[in-house]
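Here's the structure we're looking at; comments come further down.
Read-outs: derived from the displayed coordinates by stated rules, not from any lab. Note that the structure is predicted; figures quoted are calculated from it, not measured. Cβ placement follows ideal geometry from the backbone for every residue including glycine, while neighbour counts extend to all protein chains displayed.
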Amino acid sequence: MQKGVFDDFVREVMQSREFVAPVKGDQTKEVQESFFTDIKDPSQIEIGQLTYFPIKYYFFAKKEVLFSFHKNRIEEPEIDIPERVFFGLRLCDLNSIKHQDTVFLNNGFRADPYYQARREHSLLIGMHCKKGDDHCFCQSIGLKDFYDLMFFDKDEHTYGIDVGSEKGKAFVDEFRRFFEEKEEGYITPEDKVTINTFKLDTTNIKNLWDNEVWSSLSEKCTACAACNNLCPNCHCFTVEDEVEVGDVTKGQRVRKPAACLVKGFTRVAGDHVFRDDLVGRFRHRIFHQLEFFRDRYGETMCTGCGRCIRGCPAKIDWVTGINTAARKQRGGQE
Ligand code: SF4
Ligand code: SF4
């Protein structure tokens, strides 16, 4: 695609679909950091950096009404999702959607109908990033190619575009006049490289379970759960009944994201809390990201975006903590 036609392309797509893309936050408004939103004009798009907020809430709602009830009558809501094109996703964002697909669609149980509806009405377009920032470490993880289309910044005038699925191919066919066919191999392995200067040592994580690093890392943690909320992969949820004041027979059952850093996450009947100590909760989150998910599904859940470090108010850098602990365990050898 010639860069000169990109804005026209976006405008044409917007005639039939929502176009969700990264935009800058506004220091004068409530949301001050960058995020994904349904844009109204291509000039809003900001692809220069990873968004502060993750894409996940477009697929996994902050509040999902499962059904409403009144006495013994139950009513399920209609699932009405617009067609959406998501543009400007990084490979880490895309892999986090892949992981959510694993949990909500492909885990051997019935697919989650709410998540499924959102995914079926979505087209995922990535924008390859050549160089990470001070907090991301995707090259330590080994992300997979997962997209309908992926844009690569070929040169000053051109985007190279890789088609990753049948859905992506149908989309290109629909907007054919903006695309130009190229020979096989036009996107080179060099085009696909991302350079991270920040790295995670993944060689010995299993052996760090009893390491003192968890106490030192969690010392400053306030259990605010920003890390859970900002992580594109954290997907745990809770289910609650919200009843009307003055009439408990009327209300709705809702699903909301839940955060494992918060003490109440493992509270059960009888007021027992399984992970009562913050050290255990902190360690659990990291082990779920780096080990437990992979044990179950064969892939590391963390996609190395660094949002949990960037957004932590206590500035807890668990990657450097793990690297130092792993190095010490090897006797200080690199
Ligand atoms: S964002 Fe930082 S302070 Fe907040 S719960 Fe996570 S690790 Fe703790
Ligand atoms: S654990 Fe942190 S670095 Fe890993 S995907 Fe979640 S927010 Fe990104």
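Here are the numbers:
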| quantity | calculated |
| --- | --- |
| Cross-link pairs K24/K56; K56/K167; K29/K62; K220/K263; K169/K256 - those with Cα-Cα distance over 24 Å | K169/K256 |
| Taking the convex hull of Cα positions in the chain, its mean projected area over all directions (nm²) | 21.0 nm² |
| Gain in span if fully extended, A269 to H70, counting 0.36 nm per residue against the direct Cα distance | 69.1 nm |
| Prolate/oblate/rounded call for the range 222-295, Cα gyration tensor, a/c under 1.5 rounded | prolate |
| Cα gyration tensor, the range 103-245 - rounded (a/c under 1.5), prolate or oblate | oblate |
| Relative contact order [Cα under 8 Å, 6+ residues apart], the chain, whole percent | 20 percent |
| Two-site label geometry, E83 and V245: point separation in nm, points 7 Å out along Cα→Cβ | 4.4 nm |
| Proximal lysines relative to K3, as straight alpha-carbon distance under 16 Å, when same-chain residues fewer than 8 apart are discounted | K154, K182 |
| Among the listed pairs K63/K144; K144/K192; K40/K315; K199/K328, those beyond 23 Å (Cα-Cα) | K63/K144; K40/K315 |
| Centroid-to-centroid separation of the range 43-108 and the range 206-262 [C-alpha atoms, Å] | 18 Å |
| Peptides ranked, highest mean first, by Cβ atoms within 10 Å: ranges 316-324, 122-130 | 122-130, 316-324 |
